[in-house]
Every structure is written in C-alpha cells, then in structure tokens.
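As structure tokens, the structure follows; a few thoughts come after it.
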Amino acid sequence: MPFEIPPLRYSLDALEPIIDTQTVEIHYTKHHATYLKNLNAAIEKHPQFFEWTLEKIMSNLDQIPEDIRTAVRNNGGGVYNHNVYWASMAPGQSGNPVGKLADVINTTFGSFNNLKAEFEKTALSRFGSGYCWLSAKNGGQLLVHSTANQDSPLQEGIMPILVIDVWEHAYYLKYQNRRADYIINWWSLVNWKEAEKQFAKVN
C-alpha cells in the first residue's frame with residue numbers, strides 16, 4: 001500500500017498566534033503532501049519497499065535501489081521529518097519537559113534553559129534549509145544537532161525526540177527573515193508528552 005501522512009492532531013488554526021493558519025495549511029497540504037506524492041511515485045518503481053515502514057527505509061537507505069535512492073532520501077525524509085514536526089507541537093502546552101526526559105535534560109545540559117540556548121543557537125546557525133533536533137542515542141544519551149535539507153537522524157542511527165523545521169516555508173509568511181523570533185516562540189508549542197513517548201523508545 002502507498003505511504004500516507006498522518007492527519008494533523010489539531011485544527012489548522014490551533015497553533016495561532018505562534019504559527020499562522022495559512023502557513024500550517026500550505027505547509028501541511030502542499031509541501032508535506034508533495035513529498036508524499038513524490039515518495040510514492042519513486043517507490044512504485046520497486047514496490048516491494050511498500051512493505052517496509054518509512055522508518056526502516058530512512059534507516060537503511062543503502063539498501064534502496066540506486067535509481068530511486070536520491071528521490072527516496074529527499075522525499076522520504078520530507079515525509080518523515082514533517083511527521084515528527086507536526087507531532088512535536090500541540091496547542092495549549094505548558095512549556096516545560098516532563099517525566100524522565102526532563103530529568104535527563106537537566107543531567108545532560110545542566111538545565112532546561114541551557115538546552116534551549118544550545119537548541120536555539122543550533123537552529124539559528126543552520127545555513128539554508130534544514131531542521132534542528134533533540135535526539136537520543138540508544139541508551140538515552142541526548143544530543144542537539146541539525147540536519148540539512150530533508151536528511152533525518154535515522155540516517156545517523158539515532159532517534160528523534162522533537163524537531164523544529166527551519167526551512168523558510170515553515171515561518172516566512174508570519175516572521176519573514178526573523179527566524180530567531182520563530183524559534184524562540186516555538187517553545188510554547190512543544191508537545192513534551194509526545195517527546196517523552198519518543199524518548200521512552202530508546203531509554
């Protein structure tokens with residue numbers, strides 16, 4: 001069966017005023033959907049890979065046939081990364097990490113504020129298009145890092161916990177060139193309960 005993108009867990013206007021309705025609509029129904037269409041078109045040439053999960057594909061790109069590998073890397077990454085991005089956010093959030101993830105953040109970075117500072121610096125310094133992630137290695141070691149274009153942590157063998165999309169289409173309608181404002185405001189949308197679920201998979 002062709003891959004699908006998960007439905008949004010909230011309405012298109014639910015992330016207002018941090019992320020405007022029009023940006024969410026265009027981002028989800030145009031950008032994300034186009035990556036999905038292109039991914040399925042590529043996999044149709046080797047349909048046995050529809051039996052794989054998207055996570056398995058992105059973790060094993062060296063096993064994808066060379067004639068579709070670049071298309072799958074770019075478009076599969078586009079689908080997967082956006083799946084994580086939308087799940088990383090929710091309206092009405094507390095703004096603070098929860099559970100064991102909160103404890104490990106304090107142990108690893110010294111404080112949540114230290115994590116925020118490192119994350120914001122990393123997200124702001126991503127040249128061009130890409131993402132900034134809080135990820136975890138097997139065993140639960142946390143790290144903040146950035147990937148270019150549609151590359152994902154799965155290609156590095158690590159598990160994403162949460163992510164901010166810093167492609168311009170993620171923020172430009174509202175923030176124009178003020179990426180820093182978008183990044184700082186984004187914290188009030190972070191779905192820490194979902195992040196804790198992701199962290200539990202590797203800890």
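In the range 174-188, the residues that are β-branched (Val, Ile, Thr) reach residues that are in a helix (DSSP H, G or I) with C-beta atoms within less than 9 angstrom, at least six apart or across chains, in these pairs: ILE183/PHE119; ILE183/GLU120; ILE183/ALA123; ILE183/LEU124; ILE184/LYS116; ILE184/GLU120. Scanning the range 24-39 for residues that are crowded, with 18+ Cβ neighbours inside 10 Å, within 16 Å of the chain's Cα centre (by Cα) and in contact (Cβ under 8 Å) with a residue 24 or more places away in the chain returns HIS27, HIS32, TYR35, LEU36.
Pairing each residue of the range 44-65 that is within 16 Å of GLY78 (Cα to Cα) with any residue that is loosely packed, with under 12 Cβ neighbours inside 10 Å, provided the two are 6+ apart or on different chains, yields no C-beta distance under 7 Å.
Laboratory data are not the source of any read-out in this text; all were calculated from the coordinates shown. Predicted model only: the values in this text are computed from it and were never measured. As a convention, Cβ positions derive from the backbone with ideal geometry for all residues, glycine included, and neighbour counts pool all protein chains shown.
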